[in-house]
Amino acid sequence: MGEENLKKSAIQSKRYPFIAEHRGGQLTKENHRKLIRWARECSEHILLLIGNDVDKRLSYALDVAKQWENDAIPTGIAMKASLGAHAVAREAEDPVYKAVARSIGQTVASAHMADHSPGGAFYALKAVKLANKDIEKEREWLIEKLNELPSELKEIVQNIWIMKELDKRI
């Protein structure tokens, strides 16, 4: 892909606002890793909702996300771990367990595509709501963690949230 095409794809992408530098966008590897860390922390924060019976594929996916965040593994492994977490979600009958698994699946998928990072937070809130826990307290925690990100990342996450009307879908 030529440099002109890279710039064109970066400019045209409203649906995918996080475009990596190597694809003509402005998302640095460092910021990409910050996004996956934020998503991982959101997913880990709600793990207690499913008790001690955590499917090994979910634990593995969270571990892979952390390893990717630390530049210890390639993206392909994260993509496969995401598929495993989403398989757990499809197999789950309990809606809370399903939402936790989706949160983890979206989180680890953030390694492949940073635009998945808000999905970790979205499904975390959904799991809290389904578990009849305090969703506003969880939302405050998520926002506090979001505020730790650089302002340009925080703004994009907030815009994705609004654009996709995620609050209406929880």
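Of note:
- Selection within segment 69-82 - assigned to a helix (DSSP H, G or I) and touching a residue at least 12 places away in the same chain (Cβ under 8 Å): Glu69, Thr75, Ile77, Ala78, Met79, Ala81, Ser82
- Selection from segment 16-33 of residues that are touching a residue at least 40 places away in the same chain (Cβ under 8 Å) and either under 18 Å from Glu138 (Cα atoms) or surrounded by 16 or more Cβ atoms within 10 Å (Cβ to Cβ) (or both): Pro17, Phe18, Ala20, Leu27, Asn31, His32
- Answer residue from segment 7-32, given it is charged (D, E, K, R) and touching a strand residue (DSSP E or B) at 6+ places or on another chain (Cβ under 9 Å) and is modelled with the lowest pLDDT among those: Glu21
- Residues of segment 34-68 that are farther than 23 Å from Tyr97 by Cβ, crowded, with 18+ Cβ neighbours inside 10 Å and without any contact (Cβ under 8 Å) to a residue 40 or more places away in the chain: Arg37 alone.
- Filter pass, Ile156 being part of a helix (DSSP H, G or I), in contact (Cβ under 8 Å) with a residue 12 or more places away in the chain and more than 15 Å from the chain's Cα centre (by Cα): no
- Qualifying residue in segment 69-81 (condition: of a type in the set (A, V, I, L, M), at negative phi, modelled with pLDDT of 95 or more and buried (at least 19 other Cβ atoms within 10 Å of the Cβ)): yes
The values are calculated or read from the model by the stated rules, or taken from the named source; none is laboratory data. Just so it is clear, the model here is predicted, and its values are computed rather than measured. Don't worry about glycine lacking a Cβ; one is built from the backbone with ideal geometry, like all the others, and counts go over all protein chains shown.
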